[in-house]
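Worksheet: the structure to be examined is printed underneath.
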Amino acid sequence: MELSDLRVCSHHLRRCVDAWNRVRHEINQLLQSYHRCCSNHRCFTNPRHKDKEESPRPYEIPRFDVEKHSWQQHTLALGYQALLAAPLVPAGLLQREFKSAYPELMVSPRQEGALLLREIEGHFPDVVQGREAILEMRDGGSRQWRQMEWIGFYPEFWFQETLARRLDCGVGPTFGNVTFDLMRNFVWDQKSHASNNSPWSPLNDAEAIQNCIEEHNGVGFLVISGEAVYDEDGSFREWHVGLSGGVSDYSRRARGRGAAPRRRKKEFIPNRFLAFRFESTDELQRARSDGWVRGFQEGMRNSDGAPRRAKVMVNLDQIPDQSIINDLRR
């Protein structure tokens, strides 16, 4: 089984899973076809089944003979099993079984993180103009183009529009209100950081990170760091507010409390691309103990009185070498 065959297999399986979420009726018909086909192949059933006509158990993942069966058979069988097993198996089981069956073909988290970071660094713009980026997000269907901190949302939008399909990446898992940005074989979250403010960069919701590590055997972060150019004369803010339909209720309340308007970033010049990963909750806790990861927003409340979710932030200049996957500079 060639590496190109594995990519094709992964592509077809991903298409099956996406179709399952979009079109239930069509997938039910596909499952009937898969079942009839799989019933004719001894290798696709549970090896403990002695009767060839007995149906395969959907929650048991078969181990395939790489030499004996074609990649088309692998795709068909794994797709059939995964579609039926989705509501039953623990998260990560399919990945572990597939990795166990084909260890020589599976990339490691560090290899995948290095690949993604190289692609991002090689294609991300040298300068991101705020007006162009906001219009690009708006016209591309992003719901985040009105955000004052547009720099925090543009890299995710850019990746999905530019690299996701070519690199066979989908959107990551969701925990509560938090959806991680992308998933290939492993889960990754994209972050941007204005380096002329502080080395500390917010990551994400603390509970969501913890749950993702536990359910997906880790989570990685792909950080684009650079210099932010600020809107000193207010012209960019005026343009953005006008484009968004006027001053928001949140801003009105802030003004009522006497708070001064925050400066907006009108341009972003990336100069550092960093990838790191937490493989376990123990690693995350050690990072907290060592001081290069800490919490924030703990005990704080929003303007409406609702408690804010505790989040995690990282000091990009203090991450130990053994925790860094890759660190590229421009």
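The values are calculated or read from the model by the stated rules, or taken from the named source; none is laboratory data. Given the structure is predicted, the values throughout are model-derived calculations rather than measurements. Here the Cβ positions follow ideal geometry from the backbone for every residue, glycine too, while neighbour counts run over all protein chains shown.
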I'm trying to understand the selection: among the residues of the stretch 147-165, which are assigned to a loop (DSSP other than H, G, I, E, B) and either more than 30 Å from Val247 (Cβ to Cβ) or not hydrophobic (A, V, I, L, M, F, W, C) (or both)?
Gln147, Glu149, Leu163, Ala164, Arg165
Would you check which residues across the stretch 171-218 are among the β-branched types (Val, Ile, Thr) and in contact with an Asp or Glu (Cβ under 6 Å, 6 or more places away or on another chain) and list them?
Val178
Search the stretch 284-298 for residues being out of contact with any strand residue (DSSP E or B) (no Cβ under 6 Å at 6 or more places or on another chain) and farther than 11 Å from Val314 by Cα, and hand back the single one that is surrounded by the most Cβ atoms within 10 Å (Cβ to Cβ).
Arg286
Determine which member of the set Phe278, Phe236, Phe221 is modelled with pLDDT of 70 or more, over 24 Å from Val127 (Cα atoms) and of a type outside the set (Ser, Thr, Tyr).
Phe278
Residues being touching a helix residue (DSSP H, G or I) at 6+ places or on another chain (Cβ under 7 Å) and surrounded by 16 or more Cβ atoms within 10 Å (Cβ to Cβ) - total across the stretch 210-227:
7
Does Gln144 satisfy the condition of being modelled with pLDDT of 90 or more and in a loop (DSSP other than H, G, I, E, B)?
yes
Would you confirm, using the coordinates I've provided, whether Gly176 is more than 14 Å from the chain's Cα centre (by Cα) and closer than 26 Å to Arg330 by Cβ?
no
Would you mind stating whether Gln111 is assigned to a helix (DSSP H, G or I), modelled with pLDDT under 95, more than 21 Å from the chain's Cα centre (by Cα) and surrounded by fewer than 16 Cβ atoms within 10 Å (Cβ to Cβ)?
no
Only one of these is of a type outside the set (S, T, N, Q) and either touching a Gly at 6+ places or on another chain (Cβ under 7 Å) or under 18 Å from Val223 (Cβ atoms) (or both): Phe175, Phe186. Name it.
Phe186
Sole miss for Asp168 among (1) of a type in the set (D, E, K, R); (2) farther than 27 Å from Gly246 by Cα; (3) touching an Asp or Glu at 6+ places or on another chain (Cβ under 8 Å) is condition (3)
Starting from residues that are of a type in the set (Gly, Ala, Ser) and farther than 22 Å from Ile209 by Cβ, keep the ones in the stretch 131-163 and report whichever is surrounded by the fewest Cβ atoms within 10 Å (Cβ to Cβ).
Gly141
